Each structure stands twice: as structure tokens, then as C-alpha cells.
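Data first, discussion second: the structure below is written as C-alpha cells.
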Amino acid sequence: MDEDHNNGGFLDMGKADRSVWLMKCPVVVAKSWKSQLASSSSSSSSSDSQPLAKVVFSLDPLKPDDPSLHQFTMEVAGSETERIPKSYSLNMFKDFVPMSVFSESSQGSVAMEGKVEHKFDMKPHEENIEEYGRLCRERTNKSMIKNRQIQVIDNDRGVHMRPMPGMVGLISSNPKDKKKTMPVKQSDVKRTRRDRGELEDIMFKLFERQPNWTLKQLVQETDQPAQFLKEILNELCVYNKRGANQGTYELKPEYKKSAEDTAAE
């Protein structure tokens with residue numbers, strides 16, 4: 001690669017061989033960390049910065065080289081007033097597509113920060129699963145609240161309903177022309193992505209209604225792009241390739257318990 005400092009084409013490879021970990025964390029934890037980072041960056045003193053979490057690595061001293069006996073846990077830091085679970089288990093995966101981490105500074109310089117050695121999925125401990133489920137239900141209820149407002153227009157006499165200048169030729173009053181209008185297929189409509197956390201809340205609500213859904217049904221229910229839905233489904237659900245529910249998705253066991261508790265209420 002040519003080193004072009006002026007055009008921002010230079011890639012700093014000084015840390016290319018460094019091993020890094022990639023972790024997928026719940027939305028509530030990510031939002032908490034973002035708020036902590038924002039508050040620490042606004043502080044004038046660098047000594048106020050605190051670690052976001054502590055990772056604990058456990059092994060069997062009699063079999064220290066057995067990877068099946070290795071366990072990773074995380075203790076999330078933060079004030080006691082934050083209503084998020086503090087203890088999480090980290091499920092490690094080594095079978096994943098090779099990835100690297102890059103960073104970009106405010107000046108536009110790009111650097112390679114390292115190669116992903118381990119990939120983790122973060123989920124609450126069993127003793128915190130009920131609290132986490134309650135937080136998910138609260139987020140779901142908030143996302144279902146409609147924020148639309150109705151405004152009454154007085155003495156308007158339909159002015160805003162009349163065609164604007166330049167639109168007269170676009171609107172036909174001939175009934176025959178109306179018949180020629182082709183209906184827009186649902187697959188041709190460009191769907192707008194929702195906020196990821198909001199969509200997860202809606203998905204939990206749908207799986208409370210029924211345990212199994214096909215991708216086509218979920219696209220119709222959520223009005224979201226199929227590819228975006230697949231990303232969420234791969235995180236929250238398992239796909240049934242055989243059996244009575246073949247071709248459908250259902251919640252992973254750690255999330256299914258929260259949905260069952262909600263249905264019981």
C-alpha cells in the first residue's frame with residue numbers, strides 16, 4: 001500500500017500482530033458503558049476514569065491445559081444505582097471467520113489495532129436472568145408506546161388538501177387511468193431499519209405471543225429488512241432445521257426463560 005499521508009491513505013500496521021478479543025454484549029450493558037465513557041471524557045481530570053468491567057479467568061489447577069475446563073466471567077463496574085445485572089458469563093468461540101480491528105482518529109488516520117483471537121458472547125448469570133428479563137420487558141413496553149400527535153386545524157377549509165402548483169398534471173381524474181396503476185409489491189418496498197435495541201424488544205414481544213416464527217412472518221410483523229432480521233435472529237434464536245418446527249426460529253434457552261416468565265405474569 002502506498003503511504004499517502006495527505007490523502008489519508010496511510011495504514012498504521014504497528015499493532016497488526018497484537019491479539020484482541022471480540023465480545024458481543026447486551027444492549028443495556030453497551031448503553032451503560034457509553035454513558036460512563038461520555039461522563040469520563042467530559043471530566044477535566046484524567047484520574048476520574050474508572051475501569052468498565054473486570055474479567056475473571058478460572059481453570060482447574062489439576063488440569064490447567066484442558067480448555068474445556070476454562071471459564072471466563074465478567075463483573076461489570078458502575079454505581080449501585082444502575083439497574084443492570086453485574087455478573088455475566090462469557091461463552092468463548094474459536095471457530096469464526098478471521099477478523100481484524102481497525103481504528104480511525106479524529107484527524108482521519110487509520111490504524112490496525114490487532115487480530116481477533118477469541119470471540120465471546122456475553123449473557124447474565126442464572127441468578128441475574130430474572131432481573132435481565134425484567135429490564136428487557138421494560139424496554140419492550142417503552143418501545144411500544146406511540147409518540148404520534150394529532151393536531152386539529154381550525155378554519156382551514158381544506159387548503160392543505162388541495163393540489164399544489166405543478167402537481168395538477170400528475171393527478172388524474174380519469175377512472176380508466178386509475179385502473180392502470182400497478183400495486184407496489186411488498187418485496188419492492190424499501191424498509192427502514194429500526195434501532196437495534198428497539199427491534200430486539202419487539203422480537204421478545206413477538207416470541208412471547210408464540211414460540212416459533214418463520215423469517216417471512218417476522219419480516220411481515222416487524223416491517224424490517226430480511227438481512228437485518230437475520231443478524232438479530234442469529235444472536236437471539238436457534239434455527240430449527242428438522243422436526244415439527246422445521247424452518248422456524250425460536251429463542252435461545254437463556255432468553256426463552258425470560259419470555260416464559262413474562263407469559264406467566
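The values are calculated or read from the model by the stated rules, or taken from the named source; none is laboratory data. Predicted, not measured: the structure shown is a model, and the values here were computed from it. Here Cβ is always computed from backbone atoms with ideal geometry, including for glycine, and neighbour counts include all displayed protein chains. Please note that ligands, DNA and RNA were not included when accessible areas were found on the heavy atoms of the full protein model with its side chains. Shrake-Rupley method; radii C 1.70, N 1.55, O 1.52, S 1.80 Å.
If you filter the range 246-265 down to residues that are farther than 11 Å from residue 208 by Cα and at pLDDT 90 or above, you find that the one that is most open to solvent (accessible area, probe 1.4 Å) is 246. Residue count for the range 207-217, restricted to those that are within 21 Å of residue 142 (Cβ to Cβ) and buried (at least 17 other Cβ atoms within 10 Å of the Cβ): 2.
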